[in-house]
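J.: I'd like to ask some things about the structure below.
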Amino acid sequence: MSARTTVPSVQGRKVRRGDVPLVMVTAYDAPGARLADAAGIDLILVGDSVAMVVLGYDDTLQVTVDDMVHHTAAVARARPSSLIVADMPWLSYHVSVEDTVRNAAALIRAGAQCVKLEGGRKRLPMIEALVDAEIPVMGHIGLTPQSVNAMGGFKVQGRRHEAALALVDDAKALEHSGCFSLVVEGVPTEVGAMITDAVDIPTIGIGAGPGCDGQVLVLHDVLGLEDRILPKFVRRYADLGADGVRALSAYADDVRTGAFPSTEESYRLATPTSEALGLYGAPLS
Ligand code: KIV
């Protein structure tokens, strides 16, 4: 078993200092976490993307703290060496500082080692309160999916000069308020690199180009299990969706033709008894 990834071991990782890029992937249950752990993934994000790739919603706004606790606990039961990051769902850190700390604590008690929340400078009071309560925070700027309605869709952010500089300022403010790392999503490559240069904490990119200190992808995208949306930044490393359909079709054929289950896949009585002979009408071996 490899050594457990910790928040301090992530916080110091910068590619410009010669470190190897960080690898993060989402997982929402114990089998997903075991796959990620066996593959040596550094961080597992229990993302609110669970709403879209597992629960079938069109955006991430539908999941609650209870949903995220449920999925975080399932991931934690796999006891991965990877650092478990739990996403704070929409409205769990927008109402008040007290509410934010209580909701984050529920995710930590479910087994996460840290939480992630979306947004720039307007989140500073919440982040400071979490850090004060010893809850490590990963920031998330750029294309923030919980702002889908405010952004008018899932749109690349920071394409214009002013917007790019505002993202750099957000990144510095989040670092200053105590975030130990930052997800940077859906920005031009140059902006991903500018943000990464501007901070001493690691940036983990998704659709933010190769200049970040790490990368994150959604498990179902990597494995080819999500076929409704395929963003430009996704690279598929398997086609488990097609493999799954092939396997289930073969299973259905075998059941329908009587080829499944076979004798080897069926249980026998411990010893033949007169009742068994009576039941089945033939001697059992
Ligand atoms: O929920 C999620 O999967 C995320 C990633 C896209 C970073 O927040």
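J.: Residue by residue through region 202-226, note down the ones that are under 13 Å from Tyr28 (Cβ atoms) and part of a loop (DSSP other than H, G, I, E, B).
T.: Scanning region 202-226 gives Val218, Leu223, Leu225, Glu226.
J.: Under 6 Å between Cβ atoms, which residue pairs at least 6 apart in sequence (or on different chains) link something in region 39-52 that is within 10 Å of the ligand (Cβ to nearest atom) and outside any strand (DSSP E or B) with a partner that is open to solvent by less than 20 Å² (accessible area, probe 1.4 Å) and of a type in the set (D, E, K, R)?
T.: Gly47/Asp87; Asp48/Asp87
J.: Suppose we filter region 103-129 for residues that are charged (D, E, K, R), assigned to a helix (DSSP H, G or I) and closer than 24 Å to Thr5 by Cβ; how many remain?
T.: Going residue by residue through region 103-129, those that are charged (D, E, K, R) are 109, 116, 118, 121-123, 128.
Adding the requirement that they be assigned to a helix (DSSP H, G or I) leaves 109, 121-123, 128.
In the following step, the residues that additionally are closer than 24 Å to Thr5 by Cβ were identified as 109.
Counting residues in region 103-129 that are charged (D, E, K, R), assigned to a helix (DSSP H, G or I) and closer than 24 Å to Thr5 by Cβ gives 1.
J.: For region 26-60, give me each residue that is open to solvent by 10 Å² or more (accessible area, probe 1.4 Å) and among the aliphatic types (A, V, I, L, M).
T.: Ala30, Leu35, Ala38, Ala39, Ile41, Leu45, Met52, Val53, Val54, Leu55
J.: Another one. For region 76-106, how many residues meet the condition of being within 13 Å of the ligand (Cβ to nearest atom) and open to solvent by less than 40 Å² (accessible area, probe 1.4 Å)? Lay out the reasoning, then the answer.
T.: Going through region 76-106, the residues within 13 Å of the ligand (Cβ to nearest atom) turn out to be 85-90.
The next check asks that each one be open to solvent by less than 40 Å² (accessible area, probe 1.4 Å); those that pass are 85-89.
Qualifying residue count for the region: 5.
J.: Take the conditions within 27 Å of Ser147 (Cβ to Cβ), in the same structural domain as Gly224 (by TED's automatic domain parsing), touching a Ser or Thr at 6+ places or on another chain (Cβ under 8 Å) and surrounded by fewer than 20 Cβ atoms within 10 Å (Cβ to Cβ) and apply them to Gln11. Does it pass? Steps first, please.
T.: Values: within 27 Å of Ser147 (Cβ to Cβ): yes; in the same structural domain as Gly224 (by TED's automatic domain parsing): yes; touching a Ser or Thr at 6+ places or on another chain (Cβ under 8 Å): yes; surrounded by fewer than 20 Cβ atoms within 10 Å (Cβ to Cβ): yes.
So Gln11 fits the description; yes.
J.: Answer with yes or no whether Ala193 is outside any loop (DSSP other than H, G, I, E, B), over 19 Å from the mean Cα position of the chain (by Cα), away from the ligand (no atom under 16 Å from the Cβ) and of a type in the set (Gly, Ala, Ser).
T.: Yes; evaluated as a whole, the condition is true for this residue.
J.: Among the residues of region 130-144, which ones are open to solvent by 20 Å² or more (accessible area, probe 1.4 Å), in contact (Cβ under 8 Å) with a residue 24 or more places away in the chain and not in a loop (DSSP other than H, G, I, E, B)?
T.: Once the filter is applied, which keeps residues that are open to solvent by 20 Å² or more (accessible area, probe 1.4 Å), in contact (Cβ under 8 Å) with a residue 24 or more places away in the chain and not in a loop (DSSP other than H, G, I, E, B), region 130-144 yields only Val131.
J.: So how many residues does region 111-130 have that are out of contact with any strand residue (DSSP E or B) (no Cβ under 6 Å at 6 or more places or on another chain) and either within 16 Å of the ligand (Cβ to nearest atom) or among the aliphatic types (A, V, I, L, M) (or both)?
T.: Number satisfying all stated conditions: 6.
J.: For region 196-222, how many residues meet the condition of being open to solvent by 30 Å² or more (accessible area, probe 1.4 Å), within 11 Å of the ligand (Cβ to nearest atom) and hydrophobic (A, V, I, L, M, F, W, C)?
T.: Summing the residues that are open to solvent by 30 Å² or more (accessible area, probe 1.4 Å), within 11 Å of the ligand (Cβ to nearest atom) and hydrophobic (A, V, I, L, M, F, W, C) in region 196-222 gives 1.
J.: Condition test on Asp59, is it assigned to a loop (DSSP other than H, G, I, E, B), within 15 Å of the ligand (Cβ to nearest atom) and not hydroxyl-bearing (Ser, Thr, Tyr)?
T.: Numbers: assigned to a loop (DSSP other than H, G, I, E, B): yes; within 15 Å of the ligand (Cβ to nearest atom): yes; not hydroxyl-bearing (Ser, Thr, Tyr): yes.
The answer is yes for Asp59.
J.: While we're looking at this one, here's another question. Output the number of the condition that Thr144 fails; it satisfies all remaining conditions of (1) within 12 Å of the ligand (Cβ to nearest atom); (2) over 24 Å from Asp42 (Cβ atoms); (3) not aliphatic (A, V, I, L, M).
T.: In the conditions (1) within 12 Å of the ligand (Cβ to nearest atom); (2) over 24 Å from Asp42 (Cβ atoms); (3) not aliphatic (A, V, I, L, M), Thr144 misses (2) alone.
J.: Moving to a separate point now. Being in contact (Cβ under 8 Å) with a residue 40 or more places away in the chain and either in contact with a strand residue (DSSP E or B) (Cβ under 8 Å, 6 or more places away or on another chain) or buried (at least 18 other Cβ atoms within 10 Å of the Cβ) (or both) is the filter here; which residues of region 157-170 pass it?
T.: Of everything in region 157-170, those that are in contact (Cβ under 8 Å) with a residue 40 or more places away in the chain and either in contact with a strand residue (DSSP E or B) (Cβ under 8 Å, 6 or more places away or on another chain) or buried (at least 18 other Cβ atoms within 10 Å of the Cβ) (or both) turn out to be Leu167, Asp170.
J.: Going through region 223-237 one residue at a time, which ones are at pLDDT 95 or above and open to solvent by less than 30 Å² (accessible area, probe 1.4 Å)?
T.: Within region 223-237, Gly224, Val234 meet the criteria.
J.: While we're on this one: Restricting to region 1-34, and then to whatever is within 16 Å of the ligand (Cβ to nearest atom) and part of a helix (DSSP H, G or I), can you tell me which residue is nearest to Pro202 (Cα to Cα)?
T.: That would be Val10.
The values are calculated or read from the model by the stated rules, or taken from the named source; none is laboratory data. In this text, all values refer to a predicted model and were calculated from it rather than measured experimentally. All Cβ positions, glycine included, derive from the backbone under ideal geometry; neighbour counts span all protein chains shown. These accessible areas exclude ligands, DNA and RNA; they are computed on the full protein's heavy atoms, side chains included. Shrake-Rupley method; radii C 1.70, N 1.55, O 1.52, S 1.80 Å.
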